[in-house]
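Some notes on the structure that comes next.
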Amino acid sequence: MSLEIEKKEYEGGLCLELSGSLDALNTVAFDREFSSIGENVPEIQLNFEKVNYISSAGLRSILIGKKLAS
């Protein structure tokens, strides 16, 4: 299954709404989207409500993104 990422801006930040699977095949797309967020975004939220699977590679990408955003 693929991963779809929708960016939604709100007052004070940005929300990435994810749907599908965050696995080894889709981490490149997630990493690319996450790294494209500008440094001037004060808050980033990730919505996993529609994600049906996260692999260890997906968890790694999330943690790397967190580290880069800090």
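The values are calculated or read from the model by the stated rules, or taken from the named source; none is laboratory data. For clarity, every value in this text was computed on a predicted model and none was experimentally measured. Methodologically, a virtual Cβ is constructed for each residue, glycine included, from the backbone with ideal geometry; neighbour enumeration extends over all protein chains shown. Just so you know, the surface numbers come from the protein's heavy atoms only, side chains and all, with ligands and any DNA or RNA stripped out. Shrake-Rupley method; radii C 1.70, N 1.55, O 1.52, S 1.80 Å.
Could you go through the range 2-12 and let me know if any residue there is closer than 16 Å to ALA57 by Cα, hydroxyl-bearing (Ser, Thr, Tyr) and out of contact with any helix residue (DSSP H, G or I) (no Cβ under 8 Å at 6 or more places or on another chain). Lay out the reasoning, then the answer.
Just the residues of the range 2-12 that are closer than 16 Å to ALA57 by Cα, to begin with: 2-3.
Still in the list and also hydroxyl-bearing (Ser, Thr, Tyr): 2.
Applying the additional criterion that residues be out of contact with any helix residue (DSSP H, G or I) (no Cβ under 8 Å at 6 or more places or on another chain) yields 2.
Yes, there is a match, as at least one residue in the range 2-12 is closer than 16 Å to ALA57 by Cα, hydroxyl-bearing (Ser, Thr, Tyr) and out of contact with any helix residue (DSSP H, G or I) (no Cβ under 8 Å at 6 or more places or on another chain).
So in the range 50-70, with the set limited to residues that are closer than 17 Å to SER2 by Cβ and of a type outside the set (A, V, I, L, M), which one is most open to solvent (accessible area, probe 1.4 Å)?
Here is the first cut: in the range 50-70, the ones closer than 17 Å to SER2 by Cβ are 50-55, 57-58, 61.
Next, from what is left, pick out any that are of a type outside the set (A, V, I, L, M): 50, 52-53, 55, 58, 61.
Values: LYS50: 142, ASN52: 98, TYR53: 118, SER55: 16, GLY58: 0, SER61: 6 Å².
This residue is LYS50.
Which residue out of SER2, SER21 is surrounded by 12 or more Cβ atoms within 10 Å (Cβ to Cβ) and not aromatic (Phe, Trp, Tyr)?
Values: SER2 fails: surrounded by 12 or more Cβ atoms within 10 Å (Cβ to Cβ).
Just a single option satisfies the conditions, and that option is SER21.
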